[in-house]
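The structure appears below as structure tokens.
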Amino acid sequence: MAGEYVFSNPHPDGKLVSDCVKRAICLASGMDYKETCRLLNRIKREIGEKDFNTKKCCDEYVKRFGWKKLSFPAEKGKSRMNGQRFAEQHPTGVYILNMAKHWSCCKDGVIYDTWDCREKCVYTAFEVR
């Protein structure tokens, strides 16, 4: 049902660590966790970044896969888009949500993550094709 949250942790050892970018990409793309790590680290090295989860590295990853970017800028007098509303408004499709200091996965109107982040603001979303 659109707007729901489901616990999901693709970490191969089931660890709960600060790996939201890796988790979101794995869950949205279906790519293996370790393969995602290797790919992110390769991109990080190629573009000279220190960490794989910087904006520059994440933007490069999205660009290479050709995912469609949806933006949700703040509008005066209106509440910001959040994960709950995004999921309700997008009942079909697979998206990575770039939220306030967090990435999450939305599949067919359901948020998949290791914690319920539906109230966080969504700044951009990437439609995974």
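Points to keep in mind about this one:
- Dipole check for the chain: with +1 at the C-beta of Lys and Arg, -1 at the C-beta of Asp and Glu, and the Cα centre as origin, the magnitude is about 500 Debye.
- Label-point separation in nm, Ala100 to Met31, each point 7 Å along Cα→Cβ: 2.9 nm
- Less than 5 angstrom separates the built amide H of Glu4 from those of Ile111, all sequence-distant by 5 or more or on a different chain.
- By other beta-carbon atoms within 10 Å, ranking Asp51, Asp59 with the fewest at the front produces Asp51, Asp59.
- Looking at the chain, the DSSP beta bridges with both ends there are about 85 percent antiparallel.
- Candidates Val62, Val17, Val94: whichever shows maximal mean-square fluctuation once the chain is modelled as a Gaussian network with Cα springs under 10 Å: Val17
- For the range 84-98, Karplus couplings with θ = phi - 60° (6.51, -1.76, 1.60), whole Hz, Gly/Pro x: 4, 5, 4, 4, 5, 7, 10, x, 9, x, 10, 9, 9, 9, 8
- Charge sum, other residues only, whose C-beta stays under 15 Å from Ala74's C-beta, Lys/Arg counted +1 and Asp/Glu -1: +4
- Per residue, the chain reaches -10000 deg cm²/dmol at 222 nm when only DSSP H runs of four or more residues are counted, each adding -39500 (n - 2.57).
- Per-residue Karplus couplings for the range 9-15, computed as 6.51 cos²θ - 1.76 cosθ + 1.60 with θ equal to phi - 60°, are listed in order as 9, x, 4, x, 9, x, 6 Hz, Gly and Pro entered as x.
- GNM top mover of Glu88, Glu46, Glu35 - the chain, alpha-carbon springs below 10 Å: Glu46
- Taking a ≥ b ≥ c as the square roots of the eigenvalues of the alpha carbon gyration tensor, the range 1-95 is oblate, as a/c is not under 1.5 and a/b does not beat b/c.
- Most mobile of Thr36, Thr54, Thr114 in a GNM of the chain (Cα contacts under 10 Å): Thr54
- The range 53-97 shape via C-alpha gyration tensor axes, a/c threshold 1.5: oblate
- Of Lys56/Lys76; Lys15/Lys55; Lys22/Lys101; Lys56/Lys78; Lys55/Lys101, those spanning more than 22 Å from alpha-carbon to alpha-carbon: Lys56/Lys76; Lys15/Lys55; Lys56/Lys78
Only the coordinates and a few stated rules stand behind these numbers; no lab work does. From a predicted model like this one, the values you see are computed outputs, not experimental measurements. Positions of Cβ are backbone-derived with ideal geometry, glycine not excepted, and every protein chain shown enters the neighbour counts.
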